[in-house]
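Okay, structure first, notes after.
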Amino acid sequence: MKKKVTTTDIAKMAGVSQATVSMILNKKYNVSFSRETIEKVEKAAEELGYHKSECRRARKLTGQKLIAVFCPTLTNPYYVMLLQGIEEIAKESGYTVFVCNTLRDLKTEESCLRMLRQIQPMGIIYTCNPSACFQQEILALSENIPLVVIKNRDLDMEVDVVELNNAKPGRLMARHLLELGHRKVGFISPPLTRRQQQRFQRVEGFMEEFREAGLPEGVIVKAADEEVDSRVPGMDSEYKIGYQLTKELLKEEKGITAIAGLNDMIALGVLDALAEAKIRVPSEMSVLGCDNILYGKLKDISLTTIEHFVQQKGRDACEIIIKKIHALTSREDEIRPTSIYHIEYEPKLIIRGTTAPAKVRRNFSPVKK
């Protein structure tokens, strides 16, 4: 019986990768291939007797209308909201979303990237900054497959992006507290590691606002140990960070009138720790977070927060992917237009019931001259 010709056989004869053969024969992702490479692959396929019907069947098995989405965790509602926005647009356009949950683990992210060769998605969305060690590989992928990164402004990659300057939410949070008269505040954060630049940006934006107000010592930052990011996150991981670090902060510092959480889940932990300590919010302590998740909107919580349009970011990222896919599949020209999409959102302060003017302490005594 004659041996079935595969794309691997063609790749060996043409001297290219199997992924390159698959993309060229499917006429989906040949935007960045030279005419010489295309001709070599097509000639090898013809000489080996490879039929396009086989290629179509293989494509059908791997999911022709598939978009791969990389998430660092699904325990934080922020990423769930992003996915919701992506899913809405994908479903409207007849695409399936394949989620790669990396758990903020480099080996898992690497495995997911290798998996792309088997599932052959038509587009890729990163819901956070790709790990630095994989950025070159991701740039190479973006030359053949539409790819969007929902990222922080500090990432310098020539790809389509939907981004947020994370210093801005931090500044808005600090400015709100300063306007309410708070002069000594706490800031609770997950681990501040090099791989999590968006956290640094938000904390730095917060602190910079206090420095500009002439209060460089007015912010006490409490960050979780780096070990936290090495563990598989649970549904309550960030809540526990807010709860535990608030308890430590109350023991270590006196005179604090407000506590900010890097995100809303941390702020919820802050609120519970204050309730346990019988500290009233907002009359004795103001609390605010960031992300505007559903739980913070509940009437019994009414969390002051920062809205930065998370679900809309997901929708925009998916719309960019689908536009790029259509551009690749609708034109048969050898030369195709190149465009880079860049969408940036301005965050907005949402004032609710957990922040109020700083309480004037009755036992305050002026310094004697």
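Below are the figures for this structure:
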{"item": "Residue in region 149-169 that is hydrophobic (A, V, I, L, M, F, W, C), in contact with a strand residue (DSSP E or B) (Cβ under 7 Å, 6 or more places away or on another chain) and modelled with pLDDT of 95 or more present", "result": "no"}
{"item": "Hey, Gly218 open to solvent by less than 20 Å² (accessible area, probe 1.4 Å), at pLDDT 95 or above, in contact with a strand residue (DSSP E or B) (Cβ under 9 Å, 6 or more places away or on another chain) and closer than 21 Å to Thr75 by Cβ or not", "result": "no"}
{"item": "Cβ pairs under 6 Å, 6+ apart, first in region 96-122 and at negative phi, second surrounded by 15 or more Cβ atoms within 10 Å (Cβ to Cβ) and among the charged types (D, E, K, R)", "result": "Val97/Glu87; Thr102/Glu109"}
{"item": "All positions within region 119-160 that are in a loop (DSSP other than H, G, I, E, B) and either among the basic types (Lys, Arg) or farther than 26 Å from Arg199 by Cα (or both)", "result": "Gln120, Pro121, Met122, Glu143, Asn144, Ile145, Pro146, Arg153"}
{"item": "Selection within region 243-276 - small (Gly, Ala, Ser) and without any contact (Cβ under 8 Å) to a residue 12 or more places away in the chain", "result": "Ala275"}
{"item": "Region 203-254: number of residues that are under 20 Å from Ser286 (Cβ atoms) and either touching a Leu at 6+ places or on another chain (Cβ under 6 Å) or hydrophobic (A, V, I, L, M, F, W, C) (or both)", "result": "15"}
{"item": "Hits in region 251-267 - residues which are touching a helix residue (DSSP H, G or I) at 6+ places or on another chain (Cβ under 9 Å) and either crowded, with 24+ Cβ neighbours inside 10 Å or of a type outside the set (A, V, I, L, M) (or both)", "result": "Thr257, Ala258, Ile259, Ala260, Gly261, Leu262, Asn263, Asp264, Met265, Ile266, Ala267"}
{"item": "Which listed residue is open to solvent by 20 Å² or more (accessible area, probe 1.4 Å) and either within 30 Å of Thr108 (Cα to Cα) or out of contact with any strand residue (DSSP E or B) (no Cβ under 6 Å at 6 or more places or on another chain) (or both), from Ala132, Ala224", "result": "Ala132"}
{"item": "Single residue of region 308-353 satisfying the filter (over 23 Å from Lys151 (Cβ atoms) and assigned to a helix (DSSP H, G or I)) that is modelled with the highest pLDDT", "result": "His326"}
{"item": "Given (1) modelled with pLDDT under 90; (2) open to solvent by 30 Å² or more (accessible area, probe 1.4 Å), index of the condition Val41 fails", "result": "(2)"}
{"item": "Among the candidates Glu284, Glu238, residue that is over 30 Å from Leu66 (Cα atoms), open to solvent by 10 Å² or more (accessible area, probe 1.4 Å) and not in a helix (DSSP H, G or I)", "result": "Glu284"}
{"item": "Region 268-281, subset outside any loop (DSSP other than H, G, I, E, B) and among the small types (Gly, Ala, Ser), residue surrounded by the fewest Cβ atoms within 10 Å (Cβ to Cβ)", "result": "Ala275"}
{"item": "Which numbered condition Arg175 misses (of (1) over 30 Å from Leu271 (Cα atoms); (2) in a helix (DSSP H, G or I))", "result": "(1)"}
{"item": "Check on Gly186, buried (at least 19 other Cβ atoms within 10 Å of the Cβ) and in a helix (DSSP H, G or I)", "result": "no"}
{"item": "Matching residues in region 135-159 - criterion: being more than 21 Å from Gly314 (Cβ to Cβ), under 17 Å from the mean Cα position of the chain (by Cα) and surrounded by 15 or more Cβ atoms within 10 Å (Cβ to Cβ)", "result": "Gln135"}
{"item": "Long-range neighbours under 6 Å by Cβ, at least six apart or interchain, first residue within 22 Å of Phe206 (Cβ to Cβ) within region 216-242, second among the charged types (D, E, K, R) and open to solvent by 30 Å² or more (accessible area, probe 1.4 Å)", "result": "Gly218/Arg183; Gly218/Lys184; Ile220/Glu253; Asp229/Arg104"}
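The values are calculated or read from the model by the stated rules, or taken from the named source; none is laboratory data. In this text, all values refer to a predicted model and were calculated from it rather than measured experimentally. Positions of Cβ are generated from backbone atoms using ideal geometry, with glycine treated the same way; all protein chains shown enter the neighbour counts. Note: areas computed on protein heavy atoms with side chains; ligands, DNA, RNA excluded. Shrake-Rupley method; radii C 1.70, N 1.55, O 1.52, S 1.80 Å.
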